[in-house]
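Read the figures in this text as sums done on the coordinates, not as results from a lab. Model, not experiment: these values are computed from the prediction. Cβ placement follows ideal geometry from the backbone for every residue including glycine, while neighbour counts extend to all protein chains displayed.
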């Protein structure tokens, strides 16, 4: 999640991406995403394996900011909000 291109970033894991992004977009979750207005889904990957999801989340959180930006821009160079892609 991000608030704008090259803005503040949030990385998380969930078993229901549509529900979780909706919660963030509508400030239904207290905390970091609400405080910084992180309403844009700019990157995601899907898996049915919770262990690999948790491991991947940790690896992303350990990346430098520069490497996180490269990861996002490799899949979403315009930093489009991917909400419509997942909410259909």
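Some notes on this structure:
- Our helix-only sum for the chain, with -39,500 (n - 2.57) per DSSP H run of n ≥ 4 divided by its residues, gives a mean residue ellipticity at 222 nm of -12500 deg cm²/dmol.
- Estimated FRET transfer efficiency (residue 86, residue 66; beta-carbon r; R0 22 Å; 0.05): 0.25
- Inter-site label distance for residue 47 and residue 28 at 7 Å from Cα along Cβ, in nm: 2.6 nm
- Mean separation of Cα pairs under 8 Å and 6 or more residues apart, divided by the residue count, gives the chain a relative contact order of 35 percent.
- Restricting the calculation to Cα atoms, every distinct pair contributes to the Kirkwood radius of the range 17-86, found to be 13.3 Å.
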